[in-house]
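Below you'll find the structure, written out as structure tokens, and then a few comments.
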Amino acid sequence: MADESHASDTPPAGVAPDWTIDQDWHHYTAEEHATWDRLFARQSQLLPGRASDAYLRGLDVLKLSKPGIPDFAELSDRLMTLTGWQVVAVPGLVPDDVFFDHMANRRFVAGNFIRRPDQLDYIQEPDVFHDVFGHVPMLADPVFADYLEAYGRGGQRALGLDALKYLGRLYWYTVEFGLIREAGDLRIYGSGIVSSFAESRFALDDPSPNRIGFDIARVMRTEYRIDDFQQNYFVIPSFDELLRITVETDFAPLYERLKAQDDIPVAAIVPGDEVLTRGTQAYARRKAGE
């Protein structure tokens with residue numbers, strides 16, 4: 001999501017007023033392309049049987065004519081045909097209003113740098129692998145593409161309602177770290193999971209985290225951590241239902257109710273939760289003891 005801590009709303013020198021830049025595909029080195037290929041091969045082998053059908057179908061959109069890191073122009077041409085979306089390069093995290101405007105207009109912002117070979121398993125700031133491998137396959141799904149556009153429009157409205165904290169949590173627990181029920185099993189679709197070799201396994205296989213049925217108010221009350229595996233995963237029944245809830249919810253009164261309630265800590269179970277898996281929290285205890 002957008003960066004809420006931007007010191008300035010003014011784009012840096014050489015950056016367009018909407019914070020976009022030229023991807024400059026030809027500037028990537030052979031090593032950078034090789035890093036993409038290594039990550040792509042590793043995740044593509046791991047995800048069948050773990051990722052949602054929509055995500056796996058969308059992977060085909062990344063199989064372009066050039067090797068290595070996708071060319072955003074070619075990628076956008078394919079997405080425009082499928083769902084009317086395009087991918088635009090940005091220098092890093094962008095201000096909230098810029099982020100929401102792009103999303104509301106079916107433009108997905110992506111960083112144009114890639115992690116170093118010694119950062120294959122974790123990088124703090126989203127790179128082109130997270131942004132493109134993680135997010136773009138879902139943009140090829142018409143229903144999820146509509147959800148992201150609706151989220152962008154909702155973000156524009158939330159800017160004047162002092163509600164970005166709540167909307168950010170919705171993004172975190174769906175777009176970044178969401179699970180879905182498919183054919184009686186749990187599958188991953190969130191970009192933060194599908195782009196992570198370790199969390200692709202942890203989210204489904206580890207007994208530590210809670211897996212809880214999706215409820216939009218519950219999700220918006222729930223805190224999260226950005227520097228470790230999640231201890232709560234929220235499970236949607238379908239992308240159609242996620243879109244329906246988002247479109248039909250009157251967010252302004254919901255925000256007011258949430259402001260009168262306490263936040264829910266990471267890893268907590270609360271009354272009313274549909275608990276699909278009650279986590280052992282063994283992972284969190286191990287980390288606390290290190």
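The values are calculated or read from the model by the stated rules, or taken from the named source; none is laboratory data. Nothing here was measured: the structure is a model prediction, and the numbers come from that model. Don't worry about glycine lacking a Cβ; one is built from the backbone with ideal geometry, like all the others, and counts go over all protein chains shown. For the accessible areas, the whole protein counts, side chains as well, though only heavy atoms, and no ligand, DNA or RNA atoms are used. Shrake-Rupley method; radii C 1.70, N 1.55, O 1.52, S 1.80 Å.
Of everything in the stretch 179-202 that's free of Cβ contacts under 8 Å to residues at least 60 places away in the same chain and outside any helix (DSSP H, G or I), which residue is farthest from PHE108 (Cα to Cα)? I'd like the intermediate steps shown before the answer.
Our first condition is that a residue be free of Cβ contacts under 8 Å to residues at least 60 places away in the same chain; within the stretch 179-202, this holds for 179, 181, 183-185, 190, 193, 199.
The next check asks that each one be outside any helix (DSSP H, G or I); those that pass are 179, 181, 183-185, 190.
On the way: LEU179: 21, ARG181: 26, ALA183: 30, GLY184: 31, ASP185: 29, GLY190: 15 Å.
Taking the candidates together, the pick is GLY184.
Please specify each residue of the stretch 159-175 satisfying the condition of being surrounded by 21 or more Cβ atoms within 10 Å (Cβ to Cβ) and over 15 Å from the mean Cα position of the chain (by Cα).
Residues satisfying the conditions are ALA163, TYR166.
From the list ARG225, ARG244, ARG211, exactly one residue is open to solvent by 30 Å² or more (accessible area, probe 1.4 Å) and not in a loop (DSSP other than H, G, I, E, B). Which is it? Let's see the steps before the verdict.
Details: ARG225 fails: not in a loop (DSSP other than H, G, I, E, B); ARG211 fails: open to solvent by 30 Å² or more (accessible area, probe 1.4 Å).
Only one candidate passes the filter, namely ARG244.
Each row is one residue, and each column tells you yes or no for (1) assigned to a helix (DSSP H, G or I); (2) among the hydroxyl-bearing types (Ser, Thr, Tyr); (3) closer than 20 Å to MET138 by Cβ.
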| position | (1), (2), (3) |
| --- | --- |
| VAL219 | yes, no, yes |
| GLN261 | no, no, no |
| ILE269 | no, no, no |
| ARG285 | yes, no, no |
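So how many residues does the stretch 54-91 have that are of a type outside the set (S, T, N, Q), part of a loop (DSSP other than H, G, I, E, B) and open to solvent by 20 Å² or more (accessible area, probe 1.4 Å)? So that I can check it myself, show each step before the final result.
Keep residues of the stretch 54-91 that are of a type outside the set (S, T, N, Q), which gives 54-64, 66-75, 77-80, 82, 84-85, 87-91.
Okay, now just the ones that are also part of a loop (DSSP other than H, G, I, E, B), so 63-64, 66-71, 84-85, 91.
Remaining after also requiring open to solvent by 20 Å² or more (accessible area, probe 1.4 Å): 63-64, 66-67, 71, 84, 91.
Qualifying residue count, the stretch 54-91: 7.
State which residue pairs qualify: first residue open to solvent by 30 Å² or more (accessible area, probe 1.4 Å) and of a type in the set (Asp, Glu) and inside the stretch 250-279, second residue modelled with pLDDT of 95 or more and assigned to a loop (DSSP other than H, G, I, E, B) in any location, beta carbons under 7 Å apart, and separation of 6 or more residues or different chains.
As it stands, the answer is ASP263/GLU223, since those pairs meet every condition given.
So, GLY190, is that one at pLDDT below 95 and either touching an Asp or Glu at 6+ places or on another chain (Cβ under 7 Å) or surrounded by fewer than 21 Cβ atoms within 10 Å (Cβ to Cβ) (or both) or not?
On the way: at pLDDT below 95: no; either touching an Asp or Glu at 6+ places or on another chain (Cβ under 7 Å) or surrounded by fewer than 21 Cβ atoms within 10 Å (Cβ to Cβ) (or both): yes.
When the stated conditions are applied, GLY190 does not pass them.
GLN230: outside any helix (DSSP H, G or I) and either closer than 22 Å to ALA140 by Cα or free of Cβ contacts under 8 Å to residues at least 60 places away in the same chain (or both), yes or no?
Yes, satisfied.
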